[in-house]
Amino acid sequence: MRHVLSALVQNVPGVLAHIAGMLASRGYNIESLAVGETEHPNLSRMTFVVVGDDRVLEQVRKQLEKIVTVVRVDDISSQDYVERDLMLLKVHATARGTRSEIRELVEIFRGKIVDVGEEELMIEISGRESKLEAFIERMRPYGILELVRTGRIAMVRGRGLRRKDDAADSPPRYDGFARRGA
Amino acid sequence: MTSARTATPTGVMSGADIVVQSLVNHGVEVVFAYPGGASMPLHQSLVRYADRIRTVLPRHEQGGGFAAQGYARSTGRPGVCMATSGPGATNLVTAIADAKMDSIPLIAITGQVPTKNIGTDAFQETPIVEVCRGITKHHYLVTNIHDLPRVMREAFYIATTGRPGPVLIDLPKDVQLDTAAVDWDVPMDLPGYDVESRKAAPEQIKQIAAAIKLSRRPVIYAGGGIISAGASEELRRFAHKTGIPVALTVMGLGAFPSDDPLCLDMLGMHGSVYANWAVRDCDLLLALGVRFDDRVTGKVEAFARHAKIVHIDIDPSELNKNKEAHIPVCSDVKYALTELNRIVEPKPEIEPWVRQCQEWKAQYPFRYDEQFDGILQQHAIAELSRLTADRKTIITVGVGQHQMWAAQFYKFRHPRRWLSSSGLGSMGFGLPAALGAQVAHPDALVVDIDGDGSFLMNIQELATCYCESLPVKVLLLNNQHLGMVVQWEDRFMQGVRAHTYLGPVHHAEARGQGRGPYVEERYPDFVTIAKGFGCGAASIRRKADLVPALEEMIRYQGPYVLDVEVPYQEHVLPMIPSGKTVDDMILE
């Protein structure tokens with residue numbers, strides 16, 4: 001199963017290397033990772049897309065939280081959130097007819113043409129992964145010359161994060177007695 | 001320990017002085033430090049502070065790291081080791097990884113090339129923080145002298161709180177030489193590190209008590225977390241109040257007295273029959289400060305198969321990691337036991353179960369061939385245990401057969417008297433750990449029970465023992481082989497000797513064609529080596545010589561090596577083969 005983890009980390013040298021190293025050495029499968037500064041200059045936000053069952057997810061989260069420079073980690077998959085990928089795509093476009101077809105598609109997908117060359121167009125598009133995938137499929141027949149995507153970023157709607165389980169600040173709530181039959 | 005005193009020099013200080021003053025402020029009384037180009041300013045400062053802090057010069061940085069661990073493991077206070085950049089720093093790596101695996105508070109300080117040279121592949125430059133990221137609890141590369149007081153404070157706090165562990169501080173030479181005005185009260189900046197509040201909730205305590213009440217065949221499985229938490233007394237009270245028997249991990253030995261009728265001794269691969277059977281048949285497993293290591297569980301799905309599992313640990317990532325618990329509780333185990341002790345009630349109804357465990361214990365004790373005409377390893381350890389029973393004795397070990405036999409046959413009654421590289425299993429641990437423990441406990445008898453393979457890995461520390469007047473004793477169980485690997489060769493690889501004989505390669509034993517229980521020609525001459533280092537030494541082979549030789553070793557004023565010639569065919573039993581279950585236990 002796919003999960004989106006959102007981690008707040010201290011903005012110090014080596015924190016990305018530390019997290020990447022931990023994930024690699026414990027063999028966790030990360031589909032996407034995006035890092036950037038936040039509104040707070042001392043903190044960065046990392047968004048992970050992790051594939052695994054609940055038990056793997058629990059371990060990934062706990063191992064992340066164990067890193068001293070990681071301030072908190074939330075699995076936001078179960079909450080109402082907005083997620084976006086950003087993509088830049090260069091497509092082959094010479095003939096006038098092709099160009100207008102592509103422009104139309106870009107409009108439908110609410111993208112932007114950001115550079116026009118003699119034989120190609122550069123397009124900027126953002127949105128959910130499925131939308132980006134669909135757009136890539138539409139562009140394929142014209143000839144994709146180059147493609148770059150960021151990792152996934154995500155944010156919970158409304159007032160913000162609810163935590164299912166405040167393991168970092170208080171002991172995890174007991175949740176297992178019924179699981180295997182008391 | 002973690003609260004820095006404020007009545008310390010203010011005004012302008014060098015980086016090196018800030019570090020050393022900070023060590024003094026944190027109650028450090030000794031550092032194990034080997035100098036080099038990039039750490040010279042630190043050593044110059046240590047000379048200035050010689051009246052407040054002892055500097056022990058090990059003969060290898062790895063020895064220094066293990067010595068600092070010996071200090072930490074035997075006192076519970078953080079151990080401090082220091083090395084120069086590059087090879088000095090990389091020589092500390094094994095000791096750092098070892099401290100991480102066994103949750104030992106260790107502060108490792110390394111010199112680094114000047115900041116302007118970092119990243120240029122300068123002479124003796126290693127990116128030691130990069131190397132150690134995965135094997136430290138935390139790490140710092142300090143590039144600004146103004147960060148130093150805060151980093152030192154954080155380092156001690158992180159190393160000693162929550163689940164303890166090693167913290168590495170990498171210090172470029174120019175930062176050591178730089179000067180700055182010092183604010184000792186600088187706050188820590190650790191927004192992601194909150195371990196103080198890890199205490200079981202009242203409803204969790206009630207759930208555990210209810211599970212105990214319902215159980216008919218409960219067992220306690222206690223480990224190093226009890227010792228880290230200083231909870232031995234609470235564990236004893238808990239076991240006595242409820243009457244529940246206690247099995248211990250190799251890290252937990254000493255957490256519960258071995259002469260207590262409720263003690264089932266060690267469990268796991270080379271654990272006792274009775275501990276492993278008790279865990280097999282229990283209906284409630286109280287796992288306290290443990291991590292369900294594969295050497296304990298064997299095949300993890302089959303471990304405590306019929307039991308409800310309560311797991312209390314201060315590290316939340318240990319809960320449900322290897323084995324899913326029915327009641328996982330993230331808590332300081334001392335707090336949880338104190339709370340439990342308030343509400344648990346005596347359980348007379350488990351008496352038949354306890355009697356069953358004790359019958360197994362009487363029927364299947366750890367045993368060896370007492371008729372053997374010579375000295376068996378187990379016999380030597382049992383005799384040492386008997387001779388030192390009524391004096392403060394700290395035992396350290398290397399890794400291998402002798403380590404397991406020491407765990408089986410030495411009777412530990414107190415915590416922090418058994419120092420063993422248990423998680424990482426680092427050969428060469430015994431001698432340096434012993435000297436570190438001796439520094440902390442000048443009044444104690446410190447004995448390194450070692451194998452000849454492990455001993456040779458850090459034998460240079462005999463020089464440290466002699467030069468620093470540390471009267472460490474080495475009981476060398478010398479079988480001329482890597483005994484544990486030989487045992488696996490015998491059991492699982494048709495006895496093919498693959499580089500497990502430690503003598504010259506042309507000897508018959510090197511090909512597994514030795515005759516008789518002993519090797520024909522011994523190598524090296526450990527008595528001559530020990531004497532060359534200035535230590536007392538003797539070699540024995542006859543059984544009748546054992547007790548007088550042990551007595552002589554104990555009596556000797558300085559460091560001493562007792563070389564005991566032992567056979568190499570002896571196997572550590574019982575044994576649950578790796579990845580197998582308790583039902584596959586080998587008894588013969």
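Only the coordinates and a few stated rules stand behind these numbers; no lab work does. Values in this document were obtained by computation on a predicted structure and should not be read as measured data. As a convention, Cβ positions derive from the backbone with ideal geometry for all residues, glycine included, and neighbour counts pool all protein chains shown.
Numerical summary
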| quantity | calculated |
| --- | --- |
| Phi-based couplings in Hz for the stretch B:120-135 (Karplus 6.51, -1.76, 1.60; Gly and Pro marked x) | 9, 6, 5, 4, 6, 9, 9, x, 5, 5, 4, 4, 9, 3, x, 10 |
| Exercise: per-residue mean of other protein chain Cβ atoms within 10 Å, B:321-329 | 4 |
| Residue-averaged beta-carbon neighbours from other chains (10 angstrom radius) around B:191-200 | 6 |
| Pairwise FRET efficiency - B:Arg413 versus B:Val547, Cβ, R0 = 22 Å, nearest 0.05 | 0.55 |
| Computed over the stretch A:47-97, Kirkwood Rh from alpha-carbon pairs, angstrom | 14.5 |
| Descending principal axes extents, the stretch B:12-181, alpha-carbon based, whole Å | 38, 34, 30 |
| P(r) of the stretch B:387-498 over all Cα-Cα pairs, binned every 5 Å from zero, in whole percent | 2, 12, 22, 22, 18, 12, 5, 4, 2, 0 |
| Between the stretch B:65-130 and the stretch B:390-467, the Cα center-to-center distance that results, in Å | 21 |
| Sequence-distant residues sharing a close amide H with B:Met82 (under 5 Å, placed H) | B:Phe32, B:Ala33, B:Tyr34, B:Ile109 |
| Value in Å of the Kirkwood radius, where chain B supplies the Cα pairs that are averaged | 24.9 |
| Computed magnitude of the charge dipole of the stretch B:34-193 (debye, nearest 20; Cβ of K, R +1, Cβ of D, E -1) | 500 |
| Rg and Dmax [Cα atoms of the stretch A:29-117; Å; Rg one decimal, Dmax integer] | 19.5, 57 |
| Largest to smallest principal axis extent of the C-alpha atoms in the stretch B:202-363, angstrom | 40, 33, 28 |
| Net dipole in debye of the protein assembly as shown [+1 Lys, Arg Cβ; -1 Asp, Glu Cβ; about Cα centre; nearest 20] | 1500 |
| Sorted by Cβ density within 10 Å, fewest first, the residues A:Glu118, A:Glu101 | A:Glu118, A:Glu101 |
| Karplus (6.51, -1.76, 1.60) ³J(HN,Hα), θ = phi - 60°, over the stretch B:90-97, in Hz, Gly and Pro reported as x | 5, 5, 7, 4, 4, 5, 5, 4 |
| Residues whose placed amide H lies under 5 Å from that of B:Ala537, excluding near-sequence neighbours | B:Val561 |
| Measure of compaction for the stretch B:377-565 (Cα Rg per 2.2 N^0.38 Å) | 0.99 |
| Charge-dipole axis of chain B as Lys and Arg at +1 and Asp and Glu at -1 on Cβ define it, positive-most pick from B:Thr120, B:Val329, B:Val167 | B:Val329 |
| Amide hydrogen neighbours beyond the local backbone of A:Leu145, cut-off 5 Å, H modeled | A:Lys90, A:Val91, A:His92 |
| Cα-only radius of gyration and Dmax that characterise the protein assembly as shown, units Å | 29.6, 104 |
| Neighbour net charge for B:Glu345 - beta-carbon separation under 9 angstrom, K R +1, D E -1 | +3 |
| Top positive-direction residue, dipole computed over the stretch B:150-249 with Cβ charges, set B:Val219, B:Ser232, B:Pro187 | B:Val219 |
| Cα→Cβ-extended label distance, 7 Å offset, between A:Ser100 and A:Arg55, nm | 6.1 |
| B:Val47, B:Val219 arranged by Cβ crowding within 10 Å, fewest neighbours leading | B:Val47, B:Val219 |
| FRET E, pair B:Thr179, A:Glu37, Förster distance 41 Å, beta-carbon r, rounded to 0.05 | 0.80 |
| Order of A:Glu104, B:Glu233 under a 10 Å beta carbon neighbour criterion, fewest first | A:Glu104, B:Glu233 |
| With 10 Å bins from 0: P(r) over chain A, alpha-carbon pairs, percent | 8, 30, 27, 19, 11, 3, 1, 0 |
| Contour excess over end-to-end distance, with Cα ends at B:Glu588 and B:Thr115 and 0.36 nm allotted per residue | 164.2 nm |
| Cα radius of gyration and Dmax for the stretch B:194-290 (Å) | 13.3, 41 |
| Listed residues A:Ser44, A:Ser126, A:Ser78, most fluctuating in chain A (Gaussian network, C-alpha, under 10 Å) | A:Ser78 |
| Kirkwood-based shape ratio for the stretch A:82-153, expressed as Rg/Rh from alpha carbons | 0.95 |
| Simple Cβ-charge dipole of the stretch A:82-153, Lys/Arg +1 and Asp/Glu -1, about Cα centre, in debye nearest 20 | 200 |
| P(r) histogram, all alpha-carbon pairs of the stretch A:2-79 included - 5 Å bins from 0, percent | 3, 16, 30, 29, 15, 6, 1 |
| Table column - 3J(HN,Hα) (Hz), the stretch A:61-70, Karplus curve with 6.51, -1.76, 1.60, x for Gly and Pro | 4, 5, 5, 5, 5, 6, 5, 4, 7, 8 |
